[in-house]
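Read the structure below first, then the notes.
The values are calculated or read from the model by the stated rules, or taken from the named source; none is laboratory data. Note that the structure is predicted; figures quoted are calculated from it, not measured. Quick reminder, even Gly has a Cβ in these numbers, built from the backbone with ideal geometry, and neighbours come from all protein chains shown.
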Amino acid sequence: MKTPAEKTYPISLDLRDKPVLLVGGGEVAFRKAQGLSRTGCRLFIVARDFSPPFQAWLKKQSFQAERRAYRNGEAAQYFLVISATDDAEVNRNVFEDAEGAGRLINVVDQPRLCNIYIPSRIERGNLQVSISTGGQCPAFARWLRRELEGVVPQRYGPLLDRVAAIRTRMKETVPSPDARRRVLERLLHSEASRRFLAGDDRLLERMERGWERAKLKRR
């Protein structure tokens, strides 16, 4: 059990082409599968049975899924393991196999059977805002996510993409990371960004065209 001074360390995992095991076929496992499907991982799912919506979704996916019991020891083969079953014995077996092999393991709603905790997330395209209670109370994280949903508009995702593209182009003409940071911070606090979030991207486009012309003159 963590002491008050011991806190989890937040990270974002790059799961592209990593082997990931999901154990479970119910509603919670379905939500986990949908989230994992967007990461580019090599997802393998095993469950004694799958809910009808889960089955219908799987038919449209390329992931491997098998209707069977979890096999002792198989969690050791994966980079990340998530167990989302209502069978306490299965969940413990999955945890012990993964933990014993030094794998990342999360058993849903069982903080003692985890070495990672999966945060509640607000997603706006490539932008993710994560909320974690360090495994203490996932329901609190979900509640806070709902409270904050309206504070993070959908347009934040497209704004991130535009600013990231500007940052990439700036590397050709502004070699200093500190200088690029200052320019981007001014941009994010500018009228152009405020208008973009309101649905009007004309001012931001004019600024982008101006930077492109300035870049061409330097060549």
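Anything in the range 23-59 that is touching a residue at least 24 places away in the same chain (Cβ under 8 Å) and either in a loop (DSSP other than H, G, I, E, B) or not assigned by TED's automatic domain parsing to the domain that holds ARG92 (or both)? List them, or say none.
GLY24, GLY25, GLY26, SER37, THR39, GLY40, CYS41, ASP49, PHE50, SER51
Just to be sure I understand, how many residues within the range 185-205 are touching a residue at least 12 places away in the same chain (Cβ under 8 Å) and touching a helix residue (DSSP H, G or I) at 6+ places or on another chain (Cβ under 6 Å)?
So the answer is 4.
Look at PRO19 and say whether it is out of contact with any Asp or Glu (no Cβ under 8 Å at 6 or more places or on another chain) and touching a residue at least 12 places away in the same chain (Cβ under 8 Å).
Working: out of contact with any Asp or Glu (no Cβ under 8 Å at 6 or more places or on another chain): yes; touching a residue at least 12 places away in the same chain (Cβ under 8 Å): yes.
Here the answer is yes, as PRO19 does meet what is asked.
Collect the residues in the range 136-156 that are within 14 Å of TYR117 (Cβ to Cβ) and in a loop (DSSP other than H, G, I, E, B), keeping them in residue-number order.
Within the range 136-156, GLN136, CYS137 meet the criteria.
Since GLU191 meets every condition but one in (1) at pLDDT below 90; (2) of a type in the set (Asp, Glu); (3) touching a Leu at 6+ places or on another chain (Cβ under 7 Å), which condition does it not meet?
Against the list (1) at pLDDT below 90; (2) of a type in the set (Asp, Glu); (3) touching a Leu at 6+ places or on another chain (Cβ under 7 Å), GLU191 comes up short only on (1).
So that you can scan it fast, the table gives a plain yes or no per residue for (1) outside the structural domain of VAL81 (by TED's automatic domain parsing); (2) farther than 23 Å from LEU15 by Cα; (3) at pLDDT below 95; (4) not hydrophobic (A, V, I, L, M, F, W, C):
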{"position": "ASN126", "(1), (2), (3), (4)": "yes, no, yes, yes"}
{"position": "VAL129", "(1), (2), (3), (4)": "yes, no, yes, no"}
{"position": "LEU148", "(1), (2), (3), (4)": "yes, yes, yes, no"}
{"position": "PRO175", "(1), (2), (3), (4)": "yes, yes, yes, yes"}
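Do you know which residues across the range 198-212 are surrounded by 15 or more Cβ atoms within 10 Å (Cβ to Cβ) and within 11 Å of LEU159 (Cα to Cα)?
ASP201, LEU204
Got a sec? Which of ALA84, ALA56, ALA69 is under 15 Å from ASN106 (Cα atoms) and modelled with pLDDT of 95 or more?
The unique qualifying residue is ALA84.
Of (1) at pLDDT 90 or above; (2) at positive phi, ASP200 satisfies all except one. Which?
(2) is the only condition that ASP200 fails.
Taking the conditions exactly as written (surrounded by fewer than 16 Cβ atoms within 10 Å (Cβ to Cβ), of a type in the set (A, V, I, L, M) and either closer than 18 Å to ALA33 by Cα or outside the structural domain of ALA75 (by TED's automatic domain parsing) (or both)), does LEU104 satisfy them or not?
no
Residues GLY125, GLY134: which one is under 30 Å from GLY210 (Cβ atoms), surrounded by 12 or more Cβ atoms within 10 Å (Cβ to Cβ) and of a type outside the set (A, V, I, L, M)?
Selected residue: GLY125, the only one of GLY125, GLY134 that is under 30 Å from GLY210 (Cβ atoms), surrounded by 12 or more Cβ atoms within 10 Å (Cβ to Cβ) and of a type outside the set (A, V, I, L, M).
Does ASN91 fit the bill of being within 25 Å of GLN136 (Cβ to Cβ) and more than 16 Å from the chain's Cα centre (by Cα)?
Working: within 25 Å of GLN136 (Cβ to Cβ): yes; more than 16 Å from the chain's Cα centre (by Cα): yes.
Yes.
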